[in-house]
Amino acid sequence: MEHTCTKIPFDLDSNSDYCDGYIMFENRILFVYENGAEAQYPADEMAELIIRSDVGCGSLEIRPKNSEGSENNIPVCRFTMTCIDALGELCKSVNHFIDTGEETEVSLEQTRICPKCGRHYMGGMNKCIFCTKKTGLYKRIFKLAVPYTKYIVLSGVMVLLANAASALNPVLNAKILDGFLYAPNLEISAAIKGILSIAAIMITASLIGQIFTVIGRRSASIVSAGISHSLRTMVYEKLQRISLKKLQNRTGGDLMGRVTDDTEEVKDFISEDAMRALYQGLLFLVIVVILCTISPMLTILVLLPVPVGLYIFYMFRVTVHIRYMKQWRCERQGKSVLRDIVEGIRVVKLFGAEQREISKYDKISLRLAKIGISNERLWALTFPYVTFFIGIGEFLVIFFGGKMAINGDITAGQLLQFTLYLAYLYGPIDWFSRLPQKLGRVNTSIIKIFEILDETEEAELVPATLTNASFNDKIEFKNVRFGYTAYEPVLKDINLTVNKGEMIGLVGHSGAGKSTMINLIMRLYDVDAGQITIDGDDIRAFEPEEYRSKVAVVFQQTFLFAGSIYDNIAYAKPNAEADEIIRAAKIANAHDFIMKLPDGYNTQVGENAHTLSGGEKQRIAIARAVLRDPEILILDEATSALDTQTESLIQEAMSRLVKGRTTFAIAHRLSTLKDADRLVVIEKGRIAEVGSHSELVKRGGIYASLVAAQKQTAKLRKSEK
Ligand code: ADP
C-alpha cells in the first residue's frame, strides 16, 4: 500500500535486537512495518497511544478502550532513545485524533532530526550544521555592517595604501641592483649616495605603511566592536522573547556562551580575519599585476599549481568543519561541568566529592586537549604538502627566469624583483589556504547565534488577536493535554471551570502535575491540545505581556535580583510611586522588618549582599504581588517551613492579598488551604477529585488519604518531641 504520510522509524524488535522498522498513522489506522512484516491497529479501538521509557530504550504501547492500568496494554514496537522524540510526536498526533477525530500531520520540527539529511542535530543545536546555508547568514552579518560603511571604506583605503607602500620594496631593491651595484661607469661615491637615498625612501615608506596599518586596524576594530555589540544585544533581547518550551532544552551555560563567546568569536573574525582577507586579497591582486608587468610568462608558471592546491583545501573544509564541531561540543561540555561545580560548590564540599569532580573535569579537559591536538595534527600533516605543491612555481621561476636572465631577456634586477614579489604572492595564498580552518570555527558560532535569533518567539507561535484581556466571569480548562516533551504527557483530560473570585487549592502527590497546571495558567507554556479560556477567549489569543500583567505569583523560593529592596518590590511595577511601594510592603507585613534593616528600603540584597530569611523574602514576594494588583493570583507552596510567628504574619498578609482575587494555590500542608472554596485533587496528570475540604474528606478518596497521612506525620512529630 502506498502511504503519503510521515514515516517514523524505530530500531528494536520485540527481543530488543536491532531491526529495520517504521510506523505511521493514516486513515484512522496505525501501520507498523517491522523487518518487512505489516501490522495494523485501528485508532477506534484505542483509548491512548503511550510511550514507556526504560533504561536506554523504550516501547510504544496502545491502551485499549475500556481498560485501566497497564496490564492490558498492547505492545506496538520497541526502540532506542534516538527514536523517542519522533515517536512522541506520533503519539501526540494519534492521541489528538482519538480526542477530536481530526487527523494531523506528524511534525518532526521538535525531534532534532534533520529532515533533509536525516542526521541528528549536534548537541545543544536545533539546526543541522551540514544543511544550513551559510551564505544567507554571512549576508545577514554584512547587513549589520552597513551602518559602519565609512569605517569599512576607510579601512580598505588604508590597507591599499599600506600595501602599496610595502610593494615598493622589490622595485627599490631592483633599482639598487641595476642602477647602482651593476651599473658600469658609476663612481663609488655616487653609488653609495644613491643606495643611501633609496634606503631612506624604504624607511619612510615602511613608516608610512605602518601608520596606514594602524589607522586601518583602528577602523576595523570600530566595525567589529559595533557588529558584536549589535549581535550581543540582538541575542540577549531574543532570549527574553523565546518561549520557555523552546528554551528548556538548553543549559544556562550554552545560552550564556551564545551571548558572550560566540559573538566574541564573530567579532574576532571580523576584526582579524575579514580585515586580513581584504588585505591579503588586495595584496594578491596588486602583486599579480606587478608580476605580469615584469614577465607574463613567468607569472603564468607561478600561478599554474595554485587553483589545484586551493581546490584541495576547499574539499578539506567539510572534514575541518566536523572536527571543529566535535571540539566545540567538548568545550561546551567542559563549560557546563565547570558551571555546575561552581554553582553547586557547597553540595560538592558537603559530600566530600571534590576529588570526583576534579577527575570529571580532568577527563573532559584531557579529551578536549586530545581533540585539539588531533585537529592540529591533521592540519599540520596536510598543510605543508599542499603548500609545497602550490610553491612549485617558485622553482620553475628560478630555472626559466635564470635562463631568461642569461639570455638577456630580463635584467638581474628584474629577476630579483620578480622573486621578491613572489614571496609577497605566497603570503596571501598561504593565508587563504588556512581560511577553511578559521571559517570552520566562526561558521559554528554564526549558526549558533542565528539559531537563537531565528527561534520562533512565543508571540509568533500563536499570534495575538485580542488586545484587551478582560476577565469578568470565569477561567475554563477544556480537555487540556500538555507535556514538557512530546512523548510524556504530564497533564491529560483536564476539564475545570473556575469562577471569578474563587480560590482553588491544587493538591496531589509530588510530581502529579500541580506546578504544571499553574505554569499553563501563567502561560509559561502553551497547551498541546485543548484550550484554557478566560470569559470564553483562548488565552493564547491575548498578547502574552498583556495577559501576564493580570497574573501575579508568590513562589516558595523567591528570587531577588541584585539591588535594593525598594527596586526588588518595584520590579512588579517599575513606574510605581514610593508611597505605593511602602503601602504594598505594609499590606505584605514587610514594612516593619525592612525599616529595621541598616539601610531600610535601600538595603542591598541579592548575590554578595544582605541575606534575607525565607520568611522575609516571601513577604517581599507578597509585596510585589500586591503592587501588581493582579486579577489572577498564584500561590505556589507559599507558606512552609517557617516559625509560627512569621507564618501568622505571612498568613495575614496572604489573606489580604487573596481577597477578591481568583486564586490558584498549591500547598503541601493541606491545613493552609482551609480558605479555599474548592480543592482540586490531581493524580498522575488527571483531575481525580473536586470539592470542598469536608466533602472530599467525607468521600474517603485520595484527598482523605492525604489528610490522614499528614495527620499521622504530625502526630509522629509531636510524639518525637
Ligand atoms: P507537582 O507540582 O505536582 O509536584 P509538577 O507539575 O512539577 O508536579 O511535575 C509533573 C511532572 O512533570 C513530573 O513528572 C516532572 O518530572 C515533570 N516536569 C516538571 N517540570 C518539567 C520540565 N521543565 N521539563 C520536563 N519535565 C518536567
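Grab the other residues whose beta carbon is less than 11 angstrom from that of F10, score K and R as +1, D and E as -1, and report the net.
Surrounding charge for F10 is -2.
Given R₀ = 60 Å, what would the calculated FRET efficiency be for D675 paired with E272, taking r from the Cβ atoms and rounding to 0.05?
Numbers: r = 65 Å, r/R0 = 1.08.
Working from the Cβ atoms, E equals 0.40.
List the extent of the Cα atoms of region 313-352 along each of their three principal axes, largest first, rounded to whole Å.
Each principal axis gives a Cα extent; for region 313-352 these are 53, 13, 8 Å.
Which distance in Å, rounded to a whole number, links the C-alpha centroids of region 32-77 and region 496-551?
With region 32-77 and region 496-551 each reduced to a Cα centre, they are spaced 31 Å.
Sort 579-585, 334-340 for me by packing, meaning the mean count of neighbouring Cβ atoms within 10 Å per residue, highest on top.
Details: 579-585: 19.3, 334-340: 16.7.
Those peptides, ordered most packed to least, come out 579-585, 334-340.
Highest first, please rank the peptides 613-625, 141-153 by the mean number of other Cβ atoms sitting within 10 Å of their residues.
Numbers: 613-625: 23.4, 141-153: 14.6.
Output ranking for 613-625, 141-153: 613-625, 141-153.
To the nearest 0.05, what FRET efficiency results for A688 and K474 with a Förster distance of 30 Å applied to their C-beta separation? Display every interim value, and only then the final one.
On the way: r = 22 Å, r/R0 = 0.72.
For A688 and K474, the calculated efficiency is 0.85.
Specify the inter-centroid distance of region 325-383 and region 671-688, based on alpha-carbon positions, in whole Å.
The two parts, judged by their Cα centres, are 46 Å apart.
Give me the one-decimal Kirkwood hydrodynamic radius in Å for region 27-113, with the sum taken over alpha-carbon pairs. Walk me through the intermediate numbers first.
Working: mean 1/r = 0.0738 Å⁻¹.
That comes to 13.5 Å for region 27-113.
Could you work out the local net charge near K370, counting Lys and Arg as +1, Asp and Glu as -1, over the other residues with Cβ closer than 14 Å to its Cβ? Intermediate results must be reported in sequence, preceding the final value.
Working: positive: R323, K326, R329, K363, R367, R377; negative: E331, D362, E376.
Once all neighbours under 14 Å are counted, the net charge is +3.
Only Lys, Arg, Asp and Glu count, each charged at its Cβ (+1, +1, -1, -1), so figure out the dipole size of the chain about its Cα centre, rounded to 20 debye. Intermediate values should be presented prior to the final figure.
Numbers: 83 positive and 83 negative charges, 399 e Å.
Charge dipole, the chain, about its Cα centre: 1920 debye, nearest 20.
Report the rotationally averaged projected area of region 469-562 based on its alpha-carbon convex hull, in square nanometres.
Details: hull surface 28.9 nm².
Seen from a random direction, the Cα hull of region 469-562 projects 7.2 nm² on average.
Could you state the principal axis extents of the C-alpha atoms in region 640-684, from the largest down, to the nearest angstrom?
Extents along the principal axes, in whole Å: 34, 26, 13.
Taking each pair of different alpha-carbon atoms in the chain once, compute 1/r for the pair, average those values, and report the inverse of that mean as the Kirkwood hydrodynamic radius in Å to one decimal. Write out the running numbers ahead of the final one.
Values: mean 1/r = 0.0312 Å⁻¹.
About 32.1 Å for the chain.
Which helices of the chain meet both criteria: a Cα extent of 15 Å or more along the helical axis and a mean Kyte-Doolittle score no lower than 0.5, with helices taken as whole DSSP H segments? Show your work: numbers first, answer last.
Details: long enough: 84-100 (24 Å, 0.29); 134-145 (17 Å, -0.16); 149-175 (39 Å, 1.01); 188-241 (79 Å, 0.84); 275-294 (29 Å, 2.18); 306-343 (52 Å, -0.04); 354-390 (53 Å, -0.04); 412-433 (32 Å, 0.61); 435-453 (26 Å, 0.53); 614-628 (21 Å, -0.19); 644-658 (20 Å, -0.10); 702-720 (27 Å, -0.36).
The qualifying helices are 149-175, 188-241, 275-294, 412-433, 435-453.
Of L144, A584, V551, which is farthest along the charge dipole of the chain in the positive direction, counting Lys and Arg as +1 and Asp and Glu as -1 at C-beta?
Among L144, A584, V551, the one farthest towards the positive end of the dipole of the chain is L144.
With the cut-off at 16 Å, report for region 53-102 the share of all Cα pairs above it, as a whole percent. Don't skip to the answer; put the middle values down first.
Working: 591 of 1225 pairs.
Roughly 48 percent, once rounded to a whole number.
Any chance you could list P(r) for region 392-452, counting all Cα-Cα pairs in 10 angstrom bins from zero, rounded to whole %?
Here the calculated profile for region 392-452 is 19, 30, 18, 14, 12, 7, 1.
Which of the peptides 224-232, 344-352, 193-201 is most tightly packed, and how do the rest follow, judged by the mean count of other Cβ atoms within 10 Å per residue? Walk me through the numbers on the way to the answer.
Values: 224-232: 19.3, 344-352: 11.2, 193-201: 13.3.
Result, highest mean Cβ count within 10 Å first: 224-232, 193-201, 344-352.
What number, in percent, do you get for the relative contact order of the chain if the mean sequence gap of Cα pairs under 8 Å and at least 6 apart is divided by its residue count? If you can, show how the numbers build up before the last one.
Details: 1004 pairs, mean separation 77.4, N = 721.
The value is 11 percent.
Rg and Dmax of region 298-380, Cα atoms, in Å?
Just the Cα atoms of region 298-380 yield Rg and Dmax of 21.1, 74 Å.
Have a look at region 169-316 and give its Rg and Dmax from the Cα atoms, expressed in angstrom.
Computed over the Cα atoms of region 169-316, radius of gyration and Dmax are 25.6, 87 Å.
Too long at a 25 Å Cα-Cα cut-off: which of K150/K267; K617/K659; K360/K514; K127/K335; K478/K659; K245/K500? Mind dumping the intermediate values first?
Values: K150/K267 18 Å; K617/K659 21 Å; K360/K514 36 Å; K127/K335 21 Å; K478/K659 27 Å; K245/K500 28 Å.
Beyond 25 Å between Cα atoms: K360/K514; K478/K659; K245/K500.
Bear in mind these aren't lab numbers, they're just calculated from the coordinates by the rules spelled out. All of these numbers come straight from a predicted model, not from anything done at the bench. Neighbour counts run over all protein chains shown; Cβ positions are idealised from the backbone, glycine included.
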